[in-house]
Amino acid sequence: MPLITYRTALNQALAEEILRDENVVIIGEEVAQYNGAYKVTEGLWERFGDKRVVDAPISEAGFIGMGIGASMLGIRPVMELMFWSFAYVAWDQIINNAGQVRYMSGGLINCPIVIRGPANGGTNVGATHSHTPENFIANTPGLKVVCPATAYDAKGLMKAAIRDNDPVCFMENTLLYGESWEVPEEEYVIPLGVADIKRAGTDVSLIAHGRAVLTALKAAEILEADHGIHAEVLDLRSIRPLDEEAVLATVRKTHRAVLVDENKPFCGVSAQIAATIQEKAFDDLDAPVQRVCTLDAPSIYSPALEPIQLPTPERVVIKALDIC
Amino acid sequence: MSETKTAATEPVDYARAEINSALGAAEKIRFFSEMLRIRRFEQTALKYYNQGKMGGFLHLYIGQEAVALGTVSLMGKNDHVITAYRDHGHALAVGMDMKACMAELLGKATGCSRGKGGSMHYFAPDKNYWGGHGIVAGQTPLGLGLAYGVKYKGLKGCCLCFLGDGAVNQGSYHESLNLAALWKLPVIYVIENNQYSMGTSMERSSAMRNCLAERAEGYGIAWDVANGEDFYEVRAKTWNAIRRAHDESLPFVLEVDTYRYYGHSVADANAKKYRSADEIEHYKTHHDPIRLWRKRLVDEKVLTEESADEIDAAVKQEVAEAAQFALDSEDPAPETIFEDVYWEVDNQTEVGQTGRHFFGD
Ligand SMILES: Cc1ncc(C[n+]2csc(CCOP(=O)(O)OP(=O)(O)O)c2C)c(N)n1
Ligand SMILES: [Mg+2]
């Protein structure tokens, strides 16, 4: 299988969907002539032209709202936010319009739109540029949210997101764009709402999404090598819909869980996972559920400190050792 | 400058404008030195960025210095400034400590924001400097609010709110213009038109072809366009706006034509793709605001080439000291991550100790 980057995987998914469905259009700042601020859309404008790949001015509320409106007519816009942190400018459009119009119309309308872009800390860009709003989105029934951790998942989930008939918020990670994974050449689609065991184990479940999955995998290696503990790593992949069964199954198998989450702890994704586990697998637990989140403050700039604000493998190991 | 853009029809010598003719030699020389301080500071910052000593983004202001200094040089006690992420020029122009500014870039505890904000997020309320904002046009309603506050308190002052040619396309800016006109707020929007928002030229982002300030017409706000390479012109036209704000509490939109020599940020890999190397060279050679100001002062016999070189040497020395200070400073302590989040907690007030404010371990 060819090794390709997370960025190329997304690029391939976009190109394939543009070819497959004439209603797919890519819109965003610098996506066309500049090739994308993070080069996810590289070459697409040259290949598919002005109609399918559109540069927008810095008017997120306007163009995201426009995409939502167009999706009501059956267009399938894939909107790029240069950073998910800039979504707040368009928040009303995303939450109130994309999120509520189906319900308020009694099911008469649906919005097959994808809003995508990076949502991560860890690059010293400061508090305004380091938001991870997957928990906010997941708190809004009507919206879907996915956070792929690998190139393979990014490609398969992107194709599913574009074909989905509901609004899907797709959260990438600038620290992953350049990382490579094996990705098959044949077409595949990964359904939303299906988690994936990234490493099998028996002693403790490390449950994560997005880049935190890689942190969990590193922690699992340390636990194995230094402590003889076999950790299982479950990648949620999709936050809403959520693969609750997979969460419960891994906990029933290992009886212990450490949740690794780049959200801030208060009402973060891991808070929902913890609630689910205690409600539905309480009797299977041999220890309290533990969490490792981003330290609870705005994202600090200082390059010396930001790395310790995010979850680290070391913090995960400590939490795992506490309960194993 | 295309003639369709400016209201003035005949070439005007802005040196003769009242606000400029009153300037003494010492002040003119100080402006030269201040602009050089901005440039040399950023050149050193660029070096550290390339050496990996700082993280994140670095948006250089090099080429635009006359805009920050020309406008800020007119500020009085009750005048305020707010800008976007390309903020080093305005910060140094208002008199922020160069050492603290450099230390902030390196994320040190001695930085102006204690290493918390970085290059895009400088603040100095004691200098009436309210940031340093990372979200495009996010500062435009805040600038309106500073003007509102000044008026509310019954003070004679205004807010200079800077934004880019790309930022004018944000809704928050337009909402601000309407409110400014409706409530007669003394805010001056200074559009620093450096011709590009990242890789997008004005032609590809603005429906209105002529100029950006003209949009103010739609809100009944007075506007003008200034040539940003002419320090005297920037000052003369800004002063006109400030006077209206002070005397009549009226908003103004001033578009200043300028140019950035470097990429959008230093990480901009396409900096020489969406515009030609010749275009950049042309601006550096013929339109450099510092070079033109220096020449002007030499022509006016305010400055000699030798004294200009001496000033430059002194500025370089100051920047080197600031850099050394930043390098020698300590990183912030890990526990400071949780400081500066809530005023009540930092100040250990009663409410700051009621209930839990922080979560996690
Ligand atoms: C809401 C929002 N959208 C997008 C960005 C990314 N971004 C930062 S600066 C910039 C270009 C702004 O250009 P302009 O307003 O002309 O200012 P300049 O950078 O030229 O000073 C973009 C797209 C952002 N920071 N905030
Ligand atoms: Mg610009």
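The values are calculated or read from the model by the stated rules, or taken from the named source; none is laboratory data. No experiment lies behind these values; they were computed from the predicted model shown. Glycine gets a Cβ as well: all are built from the backbone with ideal geometry, and neighbour counts include every protein chain shown.
Assorted remarks:
- In the set (1) part of a helix (DSSP H, G or I); (2) under 29 Å from residue B:333 (Cβ atoms); (3) within 14 Å of chain A (Cβ to nearest Cβ); (4) of a type outside the set (Asp, Glu), residue B:172 fails one condition alone, (2).
- Here residue B:233 qualifies as more than 13 Å from ligand 2 (Cβ to nearest atom), away from every other protein chain (no Cβ under 14 Å) and assigned to a helix (DSSP H, G or I).
- Among the candidates B:197, B:201, the residue that is within 16 Å of ligand 1 (Cβ to nearest atom), buried (at least 17 other Cβ atoms within 10 Å of the Cβ) and among the polar types (S, T, N, Q) is uniquely B:197.
- Residue count for the range A:33-83 satisfying the condition of being farther than 22 Å from residue A:107 by Cα and in a helix (DSSP H, G or I): 9.
- Filtered residues of the range A:60-75 (kept if of a type outside the set (A, V, I, L, M, F, W, C) and surrounded by 23 or more Cβ atoms within 10 Å (Cβ to Cβ)): A:60, A:67, A:71
- Single match in B:225, B:168 (criterion: within 16 Å of ligand 1 (Cβ to nearest atom) and within 30 Å of residue B:30 (Cα to Cα)): B:225
- Against the list (1) more than 13 Å from chain A (Cβ to nearest Cβ); (2) surrounded by 24 or more Cβ atoms within 10 Å (Cβ to Cβ); (3) under 11 Å from the mean Cα position of the chain (by Cα), the condition residue B:102 fails is (3).
- Across the range B:175-196, the qualifying residues are those that are within 14 Å of chain A (Cβ to nearest Cβ) and free of Cβ contacts under 8 Å to residues at least 40 places away in the same chain, and the one among them that is farthest from ligand 2 (Cβ to nearest atom) is B:175.
- Matching entry among B:67, B:72, B:94, B:81 (being surrounded by fewer than 24 Cβ atoms within 10 Å (Cβ to Cβ), within 25 Å of residue B:232 (Cβ to Cβ), among the hydrophobic types (A, V, I, L, M, F, W, C) and at pLDDT 95 or above): B:94
- Residue satisfying all of: in the range B:147-169; closer than 13 Å to residue B:81 by Cα and under 16 Å from the mean Cα position of the chain (by Cα); nearest to the other protein chains (Cβ to nearest Cβ) among these: B:163
- Total residues in the range B:312-337, condition part of a helix (DSSP H, G or I), in contact (Cβ under 8 Å) with a residue 24 or more places away in the chain and more than 10 Å from every other protein chain (Cβ to nearest Cβ): 13
- Within the range A:147-174, the set of residues being in a helix (DSSP H, G or I) and either closer than 23 Å to residue A:3 by Cβ or without any contact (Cβ under 8 Å) to a residue 12 or more places away in the chain (or both) comprises A:151, A:152, A:153, A:154, A:155, A:156, A:157, A:158, A:159, A:160.
- The sole residue among B:361, B:346, B:340 that is within 13 Å of chain A (Cβ to nearest Cβ) and at pLDDT below 95 is B:361.
- Within the range A:224-324, strands (runs of 3 or more DSSP E) holding 3 or more residues that are under 17 Å from the mean Cα position of the chain (by Cα) and within 14 Å of chain B (Cβ to nearest Cβ): A:257-261
- Subset of the range B:151-172 [surrounded by 24 or more Cβ atoms within 10 Å (Cβ to Cβ) and more than 16 Å from ligand 2 (Cβ to nearest atom)]: B:158, B:159, B:160
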